[in-house]
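Worksheet: one structure, shown below.
The values are calculated or read from the model by the stated rules, or taken from the named source; none is laboratory data. Bear in mind that the values here come from a model prediction, so they are computed numbers and not experimental data. Backbone-built Cβ (ideal geometry, glycine too); neighbour counts: all protein chains shown. What goes into the accessible areas is simple: the full protein's heavy atoms, side chains included, and nothing from ligands, DNA or RNA. Shrake-Rupley method; radii C 1.70, N 1.55, O 1.52, S 1.80 Å.
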Amino acid sequence: MTATLIKNGRIIDPANGVDRVGDLLVRDGKIADASLFISENFSQKPDEIFEEIDASGLIVAPGLIDIHVHLREPGQSAKETIASGTRAAAAGGFTSVVCMPNTSPPVDNPSVVTWINDKARDEGCVNVFPTGAITKNIAGEELAPIGSMHRAGVVALTDDGRCVQNHELMRRALEYARMFELPVMDHCQDYNLVGKGVMHEGYWSTVLGLPGWPSAGEEVIVARNILLAELCDTPIHCQHLSAAGSVRLIREARARGVKISGEVCPHHIALTDENLHTHNYDTNFKMNPPLRAQADIDALIEGIADGTITILSSDHAPHCDFEKEVEFDVAPFGILGLETELSLFLDILFHKKQALNIVRLVEMLTVEPARLLKLDRGTLRIGAAADVTLIDPNLEWTVDKTKFASRSRNTPFDKWQLKGRAVRTIVAGKTVWKL
Ligand SMILES: [Zn+2]
């Protein structure tokens, strides 16, 4: 048994409207009543290890949640494993990750869900919440067994990496998911419009001679999702939004009360399609959806600032060097995210753009994803699981990919100087990582 007193930190707990400097007591893996300690009613239990952490100058936040992570197991353990991926999460300040189903085999039946849950319990150092595929083999043709995956413990459905093109099938998926109150998330990509596109369609795709992935290829599916969410009166969450038009569509729909939401990843506000030119076709700048134009970045940040976008995520997508070290056209989409995510959001959204205050930033990484997926996380209420992240919002550091906990190195942010990062990650009362 252990008890830990986290002293003198700025406790930011948006779920409970808390923002004050004080002490947080953690006991037996749960948040405990710190006033007990102050009033000296605290008596150490026999065999109890008591520890104090000085959090002066630090933010004490509920453990951060990333709802968009590819852990690559089962089947792609050369890229990442549940062990290495959760270590990367911890090193980025995340105590919970929601993993995507496009593994090998995919998570389209209850046995793979159980396999991931067992493996995460044995080898993971943070909480892992699996999602299940909407369709069998993520092929977009036939619904996966939604009810049995729900019983096995998936927290949401998504065909991430792919997108259900058949609108009627998507409608059926929503109707089934609603029976289990299971959230549906969507990777928004219209295959016909996108074709073989590998980068944003615009000036730079013409200059570089690469096939374009037009913004409309995302916006069409965002619009489809708005219409279906309205038709079925069921929420849909749009993953990794990249285009200005998507933000506008979601803003208008939310104003009408449609149950639609969206998330934004760091690379889509940190980089533009011009970076493919300045970095000579570096495949670490290839992701799906692609990096877009400055006007899109401005619109995404505006959407974050005005509350249209409610969730921040990484789309952590590890790939081996040998897979990325090929011609741009044939390289896989995706980059690492977990270990630079919080710092990029702090650096860009809080320090540079001042698009939001630190309380809202913490809220978008804790309560908002917890609420969407109905996770009993993202709060520092007494009795809750003691998942806590200590953050130094002003710490300046330089990204060094050779030090990453991830098994992969595919990041465009190596050597970047950033301001702000997590310094300690606590899961169920136990420090799983510290700087
Ligand atoms: Zn995706």
Measure off 7 Å from each Cα along the Cα-to-Cβ vector at Ile382 and Asp414, then give the distance between these two points in nanometres to one decimal. 5.0
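How much length is gained if the chain between Lys352 and Asp282 is pulled fully straight, taking 0.36 nm per residue apart and subtracting their Cα-Cα distance, in nm to one decimal?
Details: separation 70, 0.36 × 70 = 25.20 nm, distance 2.58 nm.
Here the segment from Lys352 to Asp282 would lengthen by 22.6 nm.
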Mind checking the angle between helix 82-91 and the chain's longest principal axis? C-alpha axes, 0 to 90 degrees, to the nearest 10. 70
Centre separation in Å (Cα based) which lies between segment 161-204 and segment 50-87: 28
Taking R0 as 25 Å, what's the FRET efficiency between Ala78 and Arg121 from their Cβ-Cβ distance, rounded to 0.05? 0.65
GluC sites (Glu not before Pro) within segment 8-92: which are DSSP loop residues with at most 16 other Cβ atoms inside 10 Å? Glu40, Glu48
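Could you compute the FRET efficiency for Glu181 and Asp400, with r as their C-beta to C-beta distance and R0 at 35 Å, rounded to 0.05? Walk me through the intermediate numbers first.
Working: r = 43 Å, r/R0 = 1.23.
For R0 = 35 Å, the calculated efficiency reads 0.20.
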Any chance you could give the angle, 0 to 90 degrees and rounded to 10, that helix 216-232 forms with the longest Cα principal axis of the chain? 70
Computed from the mean reciprocal separation of all distinct C-alpha pairs, what Kirkwood hydrodynamic radius does the chain have, in Å? 21.9
Sorted by accessible surface (1.4 Å probe, heavy atoms of the protein chains only), largest first, Leu349, Leu193 come out as Leu193, Leu349
Given labels modelled 7 Å from the Cα in the Cβ direction, how far is it in nm from Val207 to Gln44? 6.5
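Calculate, in nm to one decimal, what Glu51 and Glu327 gain on full extension: separation in residues at 0.36 nm each, minus their alpha carbon distance. Show your work: numbers first, answer last.
On the way: separation 276, 0.36 × 276 = 99.36 nm, distance 5.25 nm.
Fully extending the segment from Glu51 to Glu327 adds 94.1 nm.
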I'd like the orientation of helix 110-123 relative to the chain: the angle between its Cα long axis and the longest Cα principal axis, in ° from 0 to 90, rounded to 10. 40
Where labels lie 7 Å past Cα in the beta-carbon direction, separation of Asp28 and Leu231 in nm: 5.2
Most to least accessible of Arg20, Arg254, Arg421, Arg409 (protein chains only, probe 1.4 Å): Arg20, Arg254, Arg409, Arg421
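With both partners inside the chain, how many of the DSSP beta bridges are antiparallel, as a percent to the nearest 5?
On the way: 30 of 59 bridges.
Around 50 percent antiparallel, to the nearest 5.
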Rounded to the nearest 5, the percent of DSSP beta bridges in segment 8-131 running antiparallel is 45
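Looking at segment 180-258, which GluC sites (Glu not before Pro) are DSSP coil and have at most 13 other C-beta atoms within 10 Å of their C-beta?
Those satisfying the criteria are Glu181.
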On a C-alpha basis, how far is the centre of segment 231-280 from the centre of segment 356-431 in Å? Whole number, if you could? 21
